[in-house]
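**Student:** Shown below is the structure under consideration.
Just so it is clear, none of the values below were taken in a lab; they were calculated from the coordinates. Given the structure is predicted, the values throughout are model-derived calculations rather than measurements. Because the Cβ atoms are built from the backbone with ideal geometry, glycine has one as well, and the counts that use them run over all protein chains shown.
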Amino acid sequence: MACEEGLCTPAPDVIDIRALQQLDSAHYLHPFTDHKALRERGARVIVRGDGIYLWDADGQRIIDGMSGLWCVNAGYGRTSITRAVAQQMDTLPFYNSFFNTTNVPAVRLAARLADIAPAGFERVFFTSSGSEANDTAVRMAWRYWQLMDQPERQFIVSRRNAYHGSTIAGASLGGMDAMHAQGALPIPGFVHIDQPNVAESGAGMSEAEFGLQAAGWLEQKILAVGPQRVAAFIGEPVQGAGGVIIPPSTYWPHIQRICDKYGILLIADEVICGFGRLGAWFGSERMGMRPDLITFAKGVTSGYVPLGGVLVGERVAEALVERGGDFHHGFTYSGHPVACAAALENLRILDDEGLVERVAHETGPCLKTAFARLAAHPLVGHAESIGLAAGLNLVRRKGETVHDCEPFARTLGVGMLCRAHMFDNGVVMRAVGDRMIVAPPLVMTCAQIDEMVERIRACLDLTLEDVVGRGWMD
């Protein structure tokens with residue numbers, strides 16, 4: 001048995017960790033990984049999860065500050081979800097949604113999603129991932145404008161440092177320079193504006209003023225491309241993988257006005273923000289958006305089984321259904337009955353336990369208060385949160401305002417140094433450059449938030465010792 005503070009987990013069946021790591025290095029190509037470096041140190045082997053905690057093969061208990069990958073909203077160990085999956089696999093493990101067929105869980109899930117979605121969203125197209133969902137939204141936008149006799153509307157506007165997936169279209173939508181540098185990306189028809197990052201670009205302005213300016217970049221891009229050629233603008237309500245970039249309150253309402261002015265579609269990428277992360281079923285509702293399409297994945301099943309999709313607003317749905325004929329798009333696993341069964345039970349848990357409301361009124365404010373305390377640390381120049389997502393900037397020298405802080409040279413990799421301390425000391429915190437972020441499971445309590453933040457503080461202290469010892473700070 002591996003035990004800590006009275007909590008025990010059965011040791012896994014005898015695992016030769018080193019042998020498993022060697023097999024991993026020899027055969028398993030991980031996503032977003034330097035495989036040569038991974039081979040040298042060996043992968044961490046995770047063997048069990050319960051609530052907000054993970055255990056590795058060495059028996060270490062770890063606070064999962066990232067909900068897996070922004071997705072395990074209901075927490076680990078939900079046996080009712082695994083039972084729903086098993087029952088569905090015993091009943092109908094798979095059938096496709098081609099050939100004018102359907103299945104019970106897919107229909108019930110589509111209806112349930114229509115119930116909790118913002119007004120005007122009555123139809124759902126299912127995929128298996130967020131990347132596929134965003135590709136589907138692009139196809140729908142293009143098809144919509146064909147049906148409106150405006151096929152020249154082909155351009156999709158997105159933002160730099162946004163993440164919308166790793167498929168060709170998803171990576172083109174995203175504004176990640178590192179992804180674009182490894183291929184002929186973005187493909188034609190995808191253009192970008194700057195992100196609404198107050199700390200990065202808002203010096204000399206109030207947050208409200210900066211929000212209006214940042215939204216205005218969309219209008220400038222529309223005019224540069226030609227309004228008659230722009231199909232849609234896509235954005236996450238809060239940029240997740242970009243570093244929990246929280247836009248000013250003036251940003252999304254002005255984006256909405258610009259989209260309305262030029263008649264372009266607004267696509268909300270809710271792969272991260274959906275299903276309670278921001279304290280609402282969908283982040284669009286909290287941020288003042290009225291999108292035409294909402295893409296989702298991750299939290300819809302709490303990551304237990306892959307599932308994604310697109311909620312289709314009335315404007316687009318009416319054109320596709322009443323005027324579109326065959327929509328030549330889809331996937332083998334669209335509406336997979338096992339995935340939909342998992343989602344139905346997951347949504348029941350979120351609803352019955354009031355987890356979305358708890359984030360809005362209890363744990364979200366707890367995280368905000370706890371994270372704000374970290375702003376006093378010598379390494380932290382800026383700390384902020386929204387719902388159960390938070391980020392802080394590691395800086396070489398603090399200033400009176402966030403704009404006066406001096407960052408570390410990117411080549412030093414201070415964020416990755418800090419992340420290593422986090423993992424070694426039992427908390428998962430992600431590094432996006434020198435911005436450290438968390439997005440814990442929605443089941444996390446205020447007491448557990450305090451536990452997590454104290455571990456983060458201790459790891460910040462260890463990071464400070466390192467950078468001072470290496471002469472990277474005055």
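**Student:** Order of T102, T250 from fewest to most other C-beta atoms within 10 Å?
**Tutor:** Ordered from fewest to most neighbouring Cβ atoms within 10 Å, T102, T250 come out as T102, T250.
**Student:** Same structure, new question: Show that you can apply the helix-only estimate: for the chain, add -39,500 (n - 2.57) for every DSSP H stretch of four or more residues, divide by all residues, and state [θ] at 222 nm to the nearest 500.
**Tutor:** Helices in the chain give a 222 nm mean residue ellipticity of -12000 deg cm²/dmol.
**Student:** Could you work out how far apart the two model spin labels at Q146 and E122 are, taking each label as a point 7 Å from the Cα in the direction of the beta carbon, and quote it in nm?
**Tutor:** 2.5 nm
**Student:** Collect residues whose amide H, placed 1.01 Å from N in the peptide plane, falls under 5 Å from the amide H of G426; neighbours closer than 5 in sequence don't count.
**Tutor:** For G426, no residues qualify.
**Student:** Can you give the local net charge around M473? Use residues other than it whose beta-carbon is closer than 11 angstrom to its beta-carbon, Lys and Arg +1, Asp and Glu -1.
**Tutor:** The answer is 0.
**Student:** Another question, if that's okay. Check which residues have an amide H placed less than 5 Å from G51's amide H, if you skip close sequence neighbours.
**Tutor:** Those lying under 5 Å, H to H, from G51 are Y76, G77.
**Student:** Output wanted: per-residue J couplings in Hz (rounded whole) for the range 429-440, from phi through Karplus 6.51 cos²θ - 1.76 cosθ + 1.60, θ = phi - 60°, x for Gly and Pro.
**Tutor:** My calculation for the range 429-440 gives 9, 8, 10, 10, x, 9, 9, 9, 10, 9, 7, x Hz in order.
**Student:** Multiply the residue gap between D404 and A178 by 0.36 nm, knock off their C-alpha separation, and tell me the result in nm, one decimal place.
**Tutor:** 78.6 nm
**Student:** Distance from a point 7 Å along Cα→Cβ of V104 to each backbone N in the range 268-300: keep the residues under 14 Å and list them by number.
**Tutor:** Taking a point 7 Å out along Cα→Cβ of V104, no residue of the range 268-300 has its backbone N under 14 Å.
**Student:** If each residue of separation counts as 0.36 nm, what is the full-extension length gain between S166 and T82 once their alpha-carbon separation is subtracted?
**Tutor:** Stretched fully, the S166-T82 segment lengthens by 27.4 nm.
**Student:** How much length is gained if the chain between R41 and S201 is pulled fully straight, taking 0.36 nm per residue apart and subtracting their Cα-Cα distance, in nm to one decimal?
**Tutor:** Extra length from R41 to S201 when fully extended: 53.8 nm.
**Student:** Along the charge dipole of the chain, Cβ charges K/R +1 and D/E -1, which of I449, H254, I17 sits furthest on the positive end?
**Tutor:** Final value for the positive-end residue is H254.
**Student:** Given the C-alpha centroids of the range 133-160 and the range 233-291, what is the distance between them in whole angstrom?
**Tutor:** Between the Cα centres of the range 133-160 and the range 233-291 lies a distance of 18 Å.
**Student:** With the Cα gyration tensor of the range 245-356 giving a ≥ b ≥ c as the square roots of its eigenvalues, does the rule (a/c under 1.5 for rounded; else a/b larger than b/c for prolate; else oblate) give rounded, prolate or oblate?
**Tutor:** Since a/c reaches 1.5 but b/c is at least a/b, the shape of the range 245-356 is classed as oblate.
**Student:** Shape of the range 64-143 from its Cα gyration tensor (a ≥ b ≥ c, root eigenvalues): rounded if a/c is under 1.5, otherwise prolate when a/b > b/c, or oblate?
**Tutor:** oblate
**Student:** Work out the charge dipole of the chain with +1 on the Cβ of Lys and Arg and -1 on the Cβ of Asp and Glu about the Cα centre, then indicate which of P151, P407, Q213 is farthest towards its positive end.
**Tutor:** P151
**Student:** Now, a different point. Could you tell me the relative contact order of the range 80-352? Use alpha-carbon pairs under 8 Å, at least six residues apart, and round to a whole percent.
**Tutor:** 29 percent
**Student:** Still on this structure, please answer the following. Quick check on the exposure proxy: order V72, V300, V356, V321 from fewest to most C-beta atoms within 10 angstrom.
**Tutor:** Sorted ascending by nearby Cβ count, the order is V321, V356, V72, V300.
**Student:** On to the next question. Longest exposed-loop-site-free stretch of the chain, with chymotrypsin sites (Phe, Trp or Tyr not before Pro), DSSP loop and at most 13 other Cβ within 10 Å?
**Tutor:** Maximal segment without exposed cleavage sites: 100-326.
**Student:** Continuing with the same structure: Using a 7 Å offset from Cα along Cα-Cβ at E322, what residues in the range 259-300 end up with backbone N under 18 Å from the label point?
**Tutor:** Zone members listed by number: 292-293.
**Student:** OK, next. Kirkwood Rh over alpha-carbon pairs of the range 122-175, then Stokes-Einstein at 10 °C and 1.306 mPa s: what D in µm² s⁻¹, rounded to an integer?
**Tutor:** Roughly 133 µm²/s, to the nearest whole number.
**Student:** Net charge within 15 Å of G174 by Cβ-Cβ distance, Lys/Arg positive one each and Asp/Glu negative one each, not counting G174 itself?
**Tutor:** Counting the neighbours of G174, the net charge comes to -4.
**Student:** Now a separate question. Bin all alpha-carbon pair distances of the range 80-352 at 5 Å intervals from 0 and give each bin's fraction as a whole percent.
**Tutor:** Per 5 Å bin, starting at zero, the Cα-Cα P(r) for the range 80-352 comes out as 1, 6, 13, 17, 19, 17, 12, 8, 4, 2, 1, 0, 0 percent.
**Student:** Hey, could you pull the Cα Rg and Dmax for the chain, both in Å?
**Tutor:** For the chain, the Cα-based Rg and Dmax read 22.5, 68 Å.
**Student:** Here is a further query. Taking the Cα centre of the chain as origin and charging only Cβ (+1 Lys, Arg; -1 Asp, Glu), how large is the dipole, in debye to the nearest 20?
**Tutor:** My answer is approximately 660 debye.
**Student:** Can I ask one more? What FRET efficiency do you get for D115 and D461 if R0 is 51 Å and r is their Cβ-Cβ distance, rounded to the nearest 0.05?
**Tutor:** The calculated FRET efficiency here is 0.60.
**Student:** Suppose every Lys and Arg Cβ carries +1 and every Asp and Glu Cβ carries -1, with no other charges. What dipole size does the range 80-352 come out with about its Cα centre, to the nearest 20 debye?
**Tutor:** Dipole magnitude for the range 80-352 comes out near 160 debye.
**Student:** Which of H180, H328, H30 has the fewest other C-beta atoms within 10 Å, and how do the rest follow up to the most?
**Tutor:** Listing H180, H328, H30 from fewest to most nearby Cβ atoms yields H328, H30, H180.
**Student:** With no solvent and one point per C-alpha, what does the Debye sum give as log10 I(q)/I(0) for the range 109-236 at q = 0.21, 0.22 Å⁻¹?
**Tutor:** Those come out to -1.25, -1.27, one per q.
**Student:** From the residues G204, M66, V428, which one has its Cα farthest along the dipole of the chain in the positive direction, the dipole being from +1 and -1 charges on Cβ of Lys/Arg and Asp/Glu about the Cα centre?
**Tutor:** Value: G204.
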